[in-house]
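The values are calculated or read from the model by the stated rules, or taken from the named source; none is laboratory data. On a predicted model such as this, the values are computed, not experimentally measured, just so you know. Note: ideal-geometry Cβ built from the backbone for every residue, glycine included; neighbour counts use all protein chains shown.
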Amino acid sequence: MVVAIIQARSGSIRLPGKILMKIQNKPILYYVINQVQHSKKITKIIVATTKNKQDDQIVNFSSSFGIDFFRGDENDVLDRYYQCAKELSSKILVRITSDCPLIDPNLIDCCIDEFTKNNYDYFSNIHKKDGNLWTYNPSGYPMGFAVEVFSFDALKTAWINSKKLSEREHVTLYILNHPEKFKIGNIENTIDHSDIRLTLDHKEDFDLIKIVIEHFPKNEIFNLQKIISFIENKPKLKNINSKHDFNEGLVRSLKEDKTFENIKKIN
């Protein structure tokens, strides 16, 4: 069984309530779930949210959509993922974030195929090897099309050993920080379209995503190549949210790591 765990919460720092913002009278979370449901390889979807009262609305929406949910720690996202996965019988997990409403199910399936075919511990399209290190890198894909596939054993190892705040917040960061312990693989896009930003962290991101969704017929299953063609034909669209960086969340977390270490030294 291949399980997709969609992490979702209402309390986003940069754009609170973003996954429940509506386009064509449907919340962003609807589009994420609908896209993932059209994967041919995923056999179960579960939404992993927090125990916060404000996230009752995520639970209610997921249930109304026929999707199971799990509630865990808000800030220790790694623990939330692990506790959720522990209740399942799947050895293969797919991490999808709820701020990627245009995620392509064909890309998901491609990553799952590569993961299983080569017996990886971890496989993605958002990391790239730089010397002996694996770093966050769009790998030529527009931002908002992130797929991570990993084994339950790799997740458990990360859960046991992760000590840094950044590794607890960013579920797979421990795996990438310790390539000597895991077999890691990646896929890169043949043409670099990393200047296109279709993840949802800011109001400008929402504005662009809304334009894209409203361009296609209702009930469209969004396709990466069609989206790229649409935006490349209207290059000014990229300017809507181009001021925002790829790694904002990770950069913030790494700064918090340094602050935490300095506090420990003082004490």
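The table that follows gives values for the structure above.
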{"item": "Residue satisfying all of: in the stretch 61-86; over 21 Å from Met21 (Cβ atoms), of a type in the set (Gly, Ala, Ser) and touching a residue at least 12 places away in the same chain (Cβ under 8 Å); surrounded by the fewest Cβ atoms within 10 Å (Cβ to Cβ) among these", "result": "Gly72"}
{"item": "Subset of the stretch 146-186 (residues that are surrounded by fewer than 17 Cβ atoms within 10 Å (Cβ to Cβ) and either closer than 20 Å to Ala8 by Cα or hydrophobic (A, V, I, L, M, F, W, C) (or both))", "result": "Ile160"}
{"item": "Set Lys226, Lys183: member being touching a Phe, Trp or Tyr at 6+ places or on another chain (Cβ under 7 Å) and among the basic types (Lys, Arg)", "result": "Lys183"}
{"item": "Residues (of a type in the set (Ser, Thr, Tyr), more than 17 Å from Ile96 (Cα to Cα) and touching a strand residue (DSSP E or B) at 6+ places or on another chain (Cβ under 9 Å)) located in the stretch 49-82", "result": "Ser63"}
{"item": "Test: residue in the stretch 223-237 that is modelled with pLDDT of 85 or more, touching a Lys or Arg at 6+ places or on another chain (Cβ under 7 Å), surrounded by 14 or more Cβ atoms within 10 Å (Cβ to Cβ) and among the β-branched types (Val, Ile, Thr)", "result": "yes"}
{"item": "Test for Ile58: is it within 30 Å of Ser229 (Cβ to Cβ), crowded, with 19+ Cβ neighbours inside 10 Å and either free of Cβ contacts under 8 Å to residues at least 60 places away in the same chain or not aromatic (Phe, Trp, Tyr) (or both)", "result": "no"}
{"item": "Residue ID - farthest from Lys40 (Cα to Cα), chosen from residues in the stretch 94-110 that are in contact with a strand residue (DSSP E or B) (Cβ under 6 Å, 6 or more places away or on another chain) and surrounded by fewer than 23 Cβ atoms within 10 Å (Cβ to Cβ)", "result": "Thr97"}
{"item": "Scope the stretch 19-34; condition touching a residue at least 60 places away in the same chain (Cβ under 8 Å) and either of a type in the set (D, E, K, R) or closer than 11 Å to Ile96 by Cα (or both); matching residues", "result": "Val32"}
{"item": "Residue list for the stretch 5-22, filter: hydrophobic (A, V, I, L, M, F, W, C), within 15 Å of Val59 (Cβ to Cβ) and more than 13 Å from the chain's Cα centre (by Cα)", "result": "Leu20"}
{"item": "Every residue from the stretch 198-222 that is of a type outside the set (D, E, K, R), exposed (fewer than 15 other Cβ atoms within 10 Å of the Cβ) and within 21 Å of the chain's Cα centre (by Cα)", "result": "Ile221"}
{"item": "Any hit, the stretch 65-84, residues being touching a Leu at 6+ places or on another chain (Cβ under 7 Å) and under 20 Å from Ile213 (Cβ atoms)", "result": "no"}
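Listed here are the residues, each with its yes/no results for (1) closer than 27 Å to Thr43 by Cβ; (2) in a strand (DSSP E or B); (3) in contact (Cβ under 8 Å) with a residue 60 or more places away in the chain.
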residue	(1), (2), (3)
Lys129	no, yes, no
Trp134	no, yes, no
Leu155	yes, no, yes
Leu176	yes, no, no
Asp192	no, no, no
Asp201	no, no, yes
Glu204	no, no, no
Ile211	no, no, no
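This table checks each residue for (1) at pLDDT 95 or above; (2) among the basic types (Lys, Arg).
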position	(1), (2)
Ile96	yes, no
Pro101	yes, no
Asp104	yes, no
Asn119	yes, no
Tyr122	yes, no
Leu133	no, no
Tyr136	no, no
Lys163	no, yes
Val171	yes, no
